[in-house]
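Data first, discussion second: the structure below is written as structure tokens.
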Amino acid sequence: MDITIQTSYLPHDDPEASLAFYRDVLGFEVRSDVGQGNMRWITVGPAGQPDTSILLAPPAADPGITDDEGRTIVEMMAKGTYGWILLATSDVDATFDRLQASGAEVIQEPTDQPYGVRDCAFRDPAGNHIRINQRG
Amino acid sequence: MCLTRVDVRQQPAVHKEGVPQRLRDLALMRRVRDRLDREYAQPLDVVVLADGVRMSVGHLCREFRRAYGASPYSYLVKRRAEHAIAAMAIGAEQSTTPIRHAGAPADELQRV
């Protein structure tokens with residue numbers, strides 16, 4: 001078996017706002033951008049890691065999702081209980097300072113967790129939980 | 001509650017154009033919940049919480065319960081208990097702080 005994790009998914013509710021966060025604040029490359037209006041599928045990822053991407057996509061575009069389910073998803077995004085991702089960086093404190101200075105919504109300042117990790121956390125513009133670990 | 005480095009009043013606005021009021025209220029509740037998670041070991045002050053999102057205490061408590069199924073106080077007690085259990089499970093020295101606050105001081109109850 002030779003399996004890598006290539007693309008993970010996070011929903012957006014405002015493609016331009018999400019693009020600005022991932023491209024301009026996190027410094028990710030934009031690898032593809034298709035669709036228009038709110039129906040945009042945008043692939044982003046860290047420079048130097050072309051094999052790992054995040055797909056930013058509209059939350060309820062699957063035609064198998066009912067209107068009620070779509071409403072629930074959008075509400076869960078707004079209340080911050082839907083999307084989640086864990087990133088890592090070599091200097092979590094410097095990363096925190098840079099993101100906070102950009103005006104990003106802070107969840108948690110850099111903290112030494114009792115389970116041995118130092119991390120911080122933000123919300124992306126769609127309400128997704130972006131947690132960032134100090135790389136060991 | 002005092003913040004060291006995060007001032008919620010300086011967090012980005014959630015009043016995006018064209019976003020329904022319900023979703024804007026939920027996004028504000030998200031701020032409140034994240035703040036409770038961040039400051040779970042501090043005494044609860046719902047007046048400060050409400051002030052942080054420019055709501056009355058009554059409106060905040062109603063909207064929070066609607067979003068998360070519990071009052072800010074009940075949510076905080078659950079969070080503190082989780083932290084205490086997790087800390088005990090790994091034998092961490094920090095376990096005393098959440099355990100101490102998991103018991104409800106009377107002045108907190110009166111403010112909720």
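The values are calculated or read from the model by the stated rules, or taken from the named source; none is laboratory data. As the structure is a computational prediction, the values presented were derived from the model and not from experiment. Backbone-built Cβ (ideal geometry, glycine too); neighbour counts: all protein chains shown. Side chains included, ligands, DNA and RNA excluded: accessible areas come from the protein's heavy atoms. Shrake-Rupley method; radii C 1.70, N 1.55, O 1.52, S 1.80 Å.
Cβ-Cβ contacts under 9 Å between residues 6 or more apart (or on different chains), taken from a first residue in region A:63-82 that is farther than 13 Å from A:ARG123 by Cα and more than 11 Å from every other protein chain (Cβ to nearest Cβ) to a second residue that is in a helix (DSSP H, G or I) and open to solvent by less than 60 Å² (accessible area, probe 1.4 Å), are listed as A:ILE65/A:ILE73.
Can you tell which of A:SER90, A:SER102 is polar (S, T, N, Q) and away from chain B (no Cβ under 14 Å)? Outline the logic, then answer.
Working: A:SER102 fails: away from chain B (no Cβ under 14 Å).
On inspection, the qualifying residue turns out to be A:SER90.
The conditions of being surrounded by 20 or more Cβ atoms within 10 Å (Cβ to Cβ), within 16 Å of the chain's Cα centre (by Cα) and farther than 22 Å from B:TYR40 by Cα are met by A:VAL74.
Scanning region A:78-103 for residues that are open to solvent by less than 20 Å² (accessible area, probe 1.4 Å) and either modelled with pLDDT under 95 or out of contact with any His (no Cβ under 9 Å at 6 or more places or on another chain) (or both) yields A:ALA78, A:VAL92, A:THR95, A:PHE96, A:LEU99.
Could we say that A:ALA20 is free of Cβ contacts under 8 Å to residues at least 60 places away in the same chain and either surrounded by fewer than 15 Cβ atoms within 10 Å (Cβ to Cβ) or hydrophobic (A, V, I, L, M, F, W, C) (or both) here? Quick ask: steps written out before the conclusion?
Working: free of Cβ contacts under 8 Å to residues at least 60 places away in the same chain: no; either surrounded by fewer than 15 Cβ atoms within 10 Å (Cβ to Cβ) or hydrophobic (A, V, I, L, M, F, W, C) (or both): yes.
The answer is no for A:ALA20.
Within the bounds of region B:24-40, is there any residue that is part of a loop (DSSP other than H, G, I, E, B) and either modelled with pLDDT of 90 or more or within 12 Å of chain A (Cβ to nearest Cβ) (or both)? For region B:24-40, residues part of a loop (DSSP other than H, G, I, E, B) and either modelled with pLDDT of 90 or more or within 12 Å of chain A (Cβ to nearest Cβ) (or both): present.
For (1) more than 24 Å from A:ALA94 (Cβ to Cβ); (2) open to solvent by less than 80 Å² (accessible area, probe 1.4 Å); (3) more than 14 Å from chain B (Cβ to nearest Cβ); (4) among the basic types (Lys, Arg), each residue gets a yes or a no:
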site	(1), (2), (3), (4)
A:THR4	yes, no, yes, no
A:PRO15	yes, yes, no, no
A:GLY27	no, yes, yes, no
A:VAL34	yes, no, yes, no
A:MET39	yes, no, yes, no
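Scanning region A:48-59 finds no residues that are in contact with a helix residue (DSSP H, G or I) (Cβ under 6 Å, 6 or more places away or on another chain) and open to solvent by 30 Å² or more (accessible area, probe 1.4 Å).
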